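A short worksheet on the structure shown next.
The values are calculated or read from the model by the stated rules, or taken from the named source; none is laboratory data. Worth saying up front: this structure is predicted, and the values here are computed from it rather than measured. In this analysis, Cβ positions are derived from the backbone assuming ideal geometry, glycine residues included, and neighbour counts consider all displayed protein chains. Note: accessible area is taken over every heavy atom of the protein model, side chains too, but ligands, DNA and RNA are not part of it. Shrake-Rupley method; radii C 1.70, N 1.55, O 1.52, S 1.80 Å.
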Amino acid sequence: MAKKLMKGCEAIGEAAIKAGCRLFFGYPITPQNEIPEYMAARLPQVGGTFVQAESEVAASNMLYGAAGAGCRCFTSSSGPGISLMQEGISYIAGAELPVVIVNIMRGGPGLGGILPSQSDYLQAVKGGGHGDYRCLVMAPSTVQEAADLVQEAFDLADKYRNPVMVLGDGLIGQMMEPVEFKRSINPEDLPPKPWATTGARGRKPNIINSLHLDPKKLEAHNWKLAKKYEAMAQHDCRHEAWNLDGEVDVLFVAYGTVARICKTAIEALRAKGLRAALFRPISLFPYPGEALAKAAEKARHVLVSELSCGQMVEDARYHIMGRRPVAFYGRVGGMIMTPEELVDEALKLAVRSS
């Protein structure tokens, strides 16, 4: 397929359709409004259905029903909307249902603002709802990667029977870049889901539920889920190492939009004679901690940068385990760091160790 210039939110919507999704349930909130707007116009053209729910709470429960019937479905929201969905996401994970959720992050806490942020990291990767559950979380840094990961998210959701979250930010959602959709799936060609509630003709009735009143059965269910999350870590842990071609003075650790800013800063630092590189987590859960620890061994300093007060830095420090000093530089409230700011921070680290 030819490349097409698209806004990130619109590319996410089209990627879902080409992944065989024909059901969207959601509610408008900035800066992801273009996703439901796109789906409202596009889904009827392919025989799908768009439903603007009365709230994000309602949307998450509609997802439960549609996924339980074996349909590929997804929702998108931002900040406060994702917070309202947390109970439903816990139910979906507990019932082992495949659902795709896109969060185009905005500043918080509370109503916060509508400008880009990465402050929903802990909510996404640690489980914002109740109970021992995890979402598989992917973080794109380009519009093309957002489209690719959204398409793959549907496959991963089906593979693990688990919610998958694609975590972007306002910049990823609003910027325009060339994008190519590498495949298009007809929903009728998808593998059958024998567990789905599609009737009991020719088989025993089945119930999809997350309720286990017998504590022994609930314990067994939780350990079953835990094994699934371990399988995710074994097979779907992803990262990008950029310019990490030997020993470096400063290793930047960043994801999403900030990783792009880091790449510009790294080029400027190398022009000044300072060896710098980037480690970019693509899967935020499972987190590529082992790969990060190995990358950090090549660096004198590690500099984590985020659009938050320091959320991913906790995971970076945990996995590096004090073997290298880990510094942090963040901007919040919709403010975005410049490459020059990151260059200055890296130079300060280099001076301290000289």
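Rolling a 1.4 angstrom probe over the protein chains, ignoring ligands and nucleic acids, what is the accessible area of MET176 in square angstrom, nearest 10?
110
More than 28 Å apart: what percent of Cα pairs in the stretch 58-196 qualify? Write down the numbers at each step before the final one.
Details: 1570 of 9591 pairs.
That tail contains 16 percent of the Cα-Cα pairs.
Compare HIS239, HIS212, HIS301 by solvent-accessible area with a 1.4 Å probe and give them largest first, with all protein chains kept in place. Write out the running numbers ahead of the final one.
Details: HIS239 80, HIS212 55, HIS301 25 Å².
Putting HIS239, HIS212, HIS301 in descending order of accessible area: HIS239, HIS212, HIS301.
Given a 1.4 angstrom probe, I'd like the percentage of the accessible area of the chain that is carbon and sulfur, rounded to a whole number.
Within the chain, the accessible surface is 55 percent carbon and sulfur.
Could you compute the net charge surrounding TYR329? Neighbours are other residues with a C-beta less than 13 Å from the C-beta of TYR329; K and R count +1, D and E count -1. Before the final figure, lay out the partial values.
Numbers: positive: ARG331, LYS348; negative: GLU306, GLU340, GLU341, ASP344, GLU345.
For residues surrounding TYR329, the net value is -3.
I'm spelling it out carefully: the read-out is volume of the Cα convex hull per residue in Å³, the candidates are (1) 162; (2) 122; (3) 141, and one was derived from this structure. Which label?
For volume of the Cα convex hull per residue in Å³, the calculated option is (3).
Pick from ARG300, ARG324, ARG201: which residue has the top mean-square fluctuation in a GNM of the chain where Cα pairs under 10 Å get a spring?
So, out of ARG300, ARG324, ARG201, the one fluctuating most is ARG201.
Based on the Cβ-Cβ distance from ALA95 to ARG270, what FRET efficiency comes out when R0 is 35 Å, to the nearest 0.05? Don't skip to the end; give the middle numbers.
On the way: r = 50 Å, r/R0 = 1.43.
The pair ALA95/ARG270 has a calculated efficiency of 0.10.
To the nearest 10 degrees, how steeply does helix 143-160 sit against the main Cα axis of the chain, on a 0 to 90 scale?
The two axes meet at around 50 degrees.
ASP344 to LEU111: extension gain in nm, 0.36 nm per residue of separation minus the Cα-Cα distance? Each step should come with its number before you reach the end.
Details: separation 233, 0.36 × 233 = 83.88 nm, distance 3.22 nm.
Length gained between ASP344 and LEU111: 80.7 nm.
Label-point separation (nm) for THR49 and ARG238, each offset 7 Å from Cα along Cα-to-Cβ?
3.1
Mind scanning LYS18/LYS193; LYS159/LYS216; LYS18/LYS159; LYS126/LYS224 and naming the pairs with a C-alpha gap bigger than 24 Å?
Numbers: LYS18/LYS193 19 Å; LYS159/LYS216 26 Å; LYS18/LYS159 18 Å; LYS126/LYS224 18 Å.
Flagged as over cut-off: LYS159/LYS216.
Tell me whether the stretch 174-244 comes out rounded, prolate or oblate; compute the Cα gyration tensor, take square roots of the eigenvalues as a ≥ b ≥ c, and use a/c under 1.5 as the rounded threshold.
Numbers: a/c = 3.06, a/b = 1.42, b/c = 2.16.
In terms of gyration-tensor shape, oblate.
What ³J(HN,Hα) values, in whole Hz, does the Karplus curve 6.51 cos²θ - 1.76 cosθ + 1.60 give for the stretch 205-220 when θ = phi - 60°, with x put for Gly and Pro?
These are the phi-based 3J(HN,Hα) values: x, 10, 10, 9, 8, 10, 9, 9, 6, 7, x, 5, 5, 5, 4, 4 Hz.
Could you provide, to the nearest whole Å², the per residue accessible area of the stretch 278-329 with probe 1.4 Å?
Details: 1980 Å² over 52 residues.
That works out to 38 Å² per residue.
Can you show me the helix-derived [θ] at 222 nm for the chain, built from DSSP H runs with n ≥ 4 at -39,500 (n - 2.57) apiece and divided by the number of residues, rounded to the nearest 500.
On the way: 13 runs with 144 residues, N = 354.
The per-residue figure over the chain is -12500 deg cm²/dmol.
Of the options SER90, TYR121, GLY310, report the single residue whose Cα projects farthest towards the positive end of the charge dipole of the chain (beta-carbon charges: Lys, Arg +1; Asp, Glu -1).
About the Cα centre, the residue reaching furthest to the positive side is SER90.
Please give the solvent-accessible surface of VAL343 in Å², to the nearest 10, using a probe radius of 1.4 Å with every protein chain present.
About 10 Å², ignoring ligands and nucleic acids.
What list of ³J(HN,Hα) values in whole Hz, one per residue of the stretch 183-200 in order, does the Karplus curve 6.51 cos²θ - 1.76 cosθ + 1.60 (θ = phi - 60°) give from phi, with Gly and Pro shown as x?
For the stretch 183-200, the Karplus curve yields 7, 9, 10, 7, x, 5, 8, 6, x, x, 10, x, 7, 5, 7, 10, x, 10 Hz.
What is the sum of charges around SER83, taking Lys and Arg as +1, Asp and Glu as -1, for the other residues whose C-beta is under 15 Å from the C-beta of SER83?
Computed value for this residue: -1.
Quick one: angle between helix 8-18 and the longest Cα principal axis of the chain, in degrees between 0 and 90, rounded to 10, please.
On a 0 to 90 degree scale, this one is about 40.
Between VAL57 and ILE208, take the C-beta separation as r, use R0 = 22 Å, and let me know the FRET efficiency to the nearest 0.05. Before the final figure, lay out the partial values.
Details: r = 19 Å, r/R0 = 0.88.
Approximately 0.70, to the nearest 0.05.
Across the stretch 42-53, in residue order, what do the Karplus-derived ³J(HN,Hα) couplings come to in whole Hz, using 6.51 cos²θ - 1.76 cosθ + 1.60 with θ = phi - 60° and x for Gly and Pro?
8, 4, x, 5, 10, x, x, 9, 10, 10, 8, 6
Using the Cα gyration tensor of the stretch 1-91, with a ≥ b ≥ c the square roots of its eigenvalues, what is the shape: rounded (a/c below 1.5), prolate (a/b larger than b/c) or oblate (neither)? List each step's numbers first, then the result.
Values: a/c = 2.04, a/b = 1.35, b/c = 1.50.
Cα axes put the stretch 1-91 in the oblate bin.
What does the accessible area per residue of the stretch 196-246 come to in Å², with a 1.4 Å probe and no ligands, DNA or RNA counted? Write down the numbers at each step before the final one.
Values: 3900 Å² over 51 residues.
Averaged over the residues of the stretch 196-246, the accessible area is 76 Å².
To the nearest 0.05, how large is the calculated FRET efficiency for LEU218 and MET335 if R₀ is 56 Å and r is the Cβ-Cβ distance?
On the way: r = 44 Å, r/R0 = 0.79.
The formula returns an efficiency of 0.80 here.
Tally Lys/Arg at +1 and Asp/Glu at -1 over every other residue whose Cβ is under 13 Å from the Cβ of ALA69; what's the total? If you can, show how the numbers build up before the last one.
On the way: positive: ARG22, ARG72, LYS193; negative: none.
Surrounding charge for ALA69 is +3.
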